[in-house]
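A short write-up of the structure that comes next.
Values quoted throughout were computed directly from the atomic coordinates according to the rules given, and no laboratory measurement underlies them. Only a predicted model underlies this, so the values are computations on that prediction, with no experimental measurement involved. Virtual Cβ from ideal backbone geometry, glycine too; neighbours counted across all protein chains shown.
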Amino acid sequence: MERNKRVKREEKRELDLDSFLANGIEKMRASDVRDALKLVEGKKIISFAGGLPDPETFPHKEVKDIIRTLEHSDLSSSFQYGATLGVIELRKELSKLVSKRGIVNVDETNVLVSAGSQEAIYILCFLLLNPGDDIIVETPTYVAALNAMRLREPIFHGIPLREDGMDMKELEKTIKEVEAKGRRIKFIYTIPSSQNPGGITMSMQNRKRLLELAEEHNILIIEDDAYGFLAFDGNAPDAIKSLDKTGRVIYTSTFSKILAPGFRLGWVIASNEVISKMELMKQSVDLHSSTFTQRIALETLRRGVIERNMPRVRKLYKEKRDVMIKSIEEWFPKDVKYSIPDGGMFIFVWLKPEINARDLLKSAVERGVAFVPGSGFYHDDSGKNTMRLNFSKPSVEEIKKGIKILGLLIKEKTN
Ligand SMILES: Cc1ncc(COP(=O)(O)O)c(C=O)c1O
């Protein structure tokens with residue numbers, strides 16, 4: 001009797017989940033970054049995977065002070081549901097903050113606060129894309145944006161990165177080829193400053209050309225400025241959005257790199273029309289972003305915490321970049337190419353074509369070092385011989401040790 005009951009319960013538990021899933025869900029993939037992080041979980045390993053900020057950059061004391069000194073009424077409203085667009089005072093502050101990126105003539109009506117810039121990208125994909133739409137991305141580009149786009153099943157067109165950003169000749173050629181087929185490009189997704197993973201910054205000349213092409217061919221631009229505030233000399237070229245007179249640039253940025261990713265706060269600057277469509281969609285996604293973290297983020301802006309923190313973050317990351325570049329020069333084979341980023345958190349590496357970075361990762365983890373294979377950052381899964389190295393999270397000592405291990409391993413594999 002008991003046994004029968006148990007058998008029945010076990011039968012009930014067998015469920016074919018795949019048969020319940022919506023069409024297209026199979027396009028969802030785990031990112032290589034997450035997979036690489038899983039490999040290192042619980043192991044004592046030097047990790048160049050992930051894109052974590054150095055916890056040293058988190059303003060612990062200032063945030064504690066803010067929480068301690070918040071007015072009862074502010075605290076109360078931060079525990080309450082809030083407006084979908086975000087806390088109004090924060091939106092006002094953000095419309096001022098972006099003047100540092102050259103974006104002026106915007107006010108709070110042009111701002112939506114999102115749950116990290118990832119949510120903004122996800123919402124934009126759902127707002128703009130039908131399956132089969134043509135879009136342009138950089139090769140390589142940010143993997144989690146690619147994954148959000150993939151869910152909408154677009155046709156990807158990749159434009160290679162050169163030393164001054166997206167190759168403008170290739171871009172023009174691609175746009176014209178698509179148009180010759182009677183089709184159109186819906187949007188161009190670009191990370192123009194300290195690109196993730198390429199570590200490359202688009203020149204002002206190319207920013208102007210990109211906007212010109214978008215205007216000529218009636219294309220939207222999604223400008224992901226996640227690292228725009230993190231140029232090591234404090235001087236990234238102004239955002240493409242700063243040149244936009246017609247409202248075709250949708251700008252996103254984030255608190256994750258200048259305050260703390262755990263706040264899960266990003267923002268969008270766009271025309272009123274775009275903002276109100278995003279607002280409607282966000283209502284169905286999560287009602288609004290956390291009022292609690294928005295209130296604290298607001299105070300960090302008002303009290304100059306972020307203003308003071310940014311130079312510290314830049315200095316620390318520049319030092320770590322320098323150590324990583326020096327170690328690469330010392331230990332990697334001479335035929336390896338790598339970017340020298342002027343901001344952000346990553347160095348991108350091109351190994352000899354015969355080396356597969358996914359295979360290399362397994363051996364590297366056995367020796368105590370992890371990185372992210374680069375192919376996940378390519379819309380077509382090419383770039384098998386590339387890898388992304390994060391320098392913001394590991395310590396200087398770990399960078400020196402880990403790069404030596406990696407360099408020796410690459411040499412073994414190439415000999
Ligand atoms: C280029 C780029 N865009 C967007 C994001 C998303 O960041 P968040 O959702 O934390 O704002 C990241 C995170 O690493 C990134 O590198």
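Within the chain, antiparallel bridges make up roughly 50 percent of the DSSP beta bridges whose residues both belong there.
Shown is the FRET efficiency for Met281 and Glu89, computed with R0 = 22 Å from the Cβ-Cβ distance and rounded to the nearest 0.05: 0.40.
The GluC sites (Glu not before Pro) of segment 137-192 that DSSP puts in a loop, and whose beta carbon has at most 15 other beta carbons within 10 Å, are Glu163.
Selection among Ser114, Ile258, Ile67 by position relative to the dipole of the chain gives Ile67 as farthest towards the positive end (Cβ unit charges, Cα centre). In this structure the amide hydrogen of Ile159, modeled in the peptide plane, comes within under 5 Å of the amide hydrogens of Val137, Glu138, Thr139, none closer than 5 places in sequence on its chain.
Rule-of-thumb check for the chain: C-alpha Rg over 2.2 N^0.38 Å?
Working: Rg = 22.6 Å, N = 415, 2.2 N^0.38 = 21.7 Å.
Normalised by 2.2 N^0.38 Å, the Cα Rg of the chain equals 1.04.
In this rough spin-label picture, where each label sits 7 Å from Cα along the Cβ direction, the Arg367-Asn218 distance is 5.6 nm. Exceedance of the 31 Å cut-off in Cα-Cα distance is limited, within the set Lys173/Lys315; Lys64/Lys393; Lys257/Lys282, to Lys173/Lys315. Taking 16 Å as the straight-line reach from the Cα of Lys277, the aspartates and glutamates in range (excluding those fewer than 8 positions away in the same chain) are Glu108, Glu119, Asp286. Here the Gaussian network model covers the chain, with springs between Cα atoms less than 10 Å apart; of Ile399, Ile269, Ile66, Ile66 fluctuates the most.
Evaluate E = 1/(1 + (r/R0)^6) for Ile155 and Ile67, where r is the Cβ-Cβ distance and R0 equals 45 Å; express this FRET efficiency to the nearest 0.05.
The value I calculate is 0.40.
The gain in end-to-end length when the Lys44 to Asp16 segment is fully stretched comes to 6.3 nm, 0.36 nm per residue minus the alpha carbon separation. Between segment 48-123 and segment 265-305, the C-alpha centres lie 7 angstrom from each other.
Structure note, pairs Lys44/Lys326; Lys318/Lys413; Lys27/Lys241: Cα-Cα distances above 28 angstrom occur for Lys318/Lys413; Lys27/Lys241.
Estimated from the Cβ-Cβ distance and a Förster radius of 45 angstrom, the FRET efficiency linking Leu127 and His60 is about 0.75. Of all the options Ile67, Ile325, Ile250, the one that moves most in a Gaussian network model of the chain with Cα springs shorter than 10 angstrom is Ile67. Put a plus charge on the Cβ of each Lys and Arg, a minus charge on the Cβ of each Asp and Glu, and nothing anywhere else: the dipole of the chain about its Cα centre is then about 1020 debye.
Note that segment 70-303 carries a Kirkwood radius of 18.0 Å, evaluated over its alpha carbons pair by pair.
Summing Cβ point charges (Lys, Arg +1; Asp, Glu -1) relative to the Cα centre of segment 70-303 gives a dipole of roughly 60 debye.
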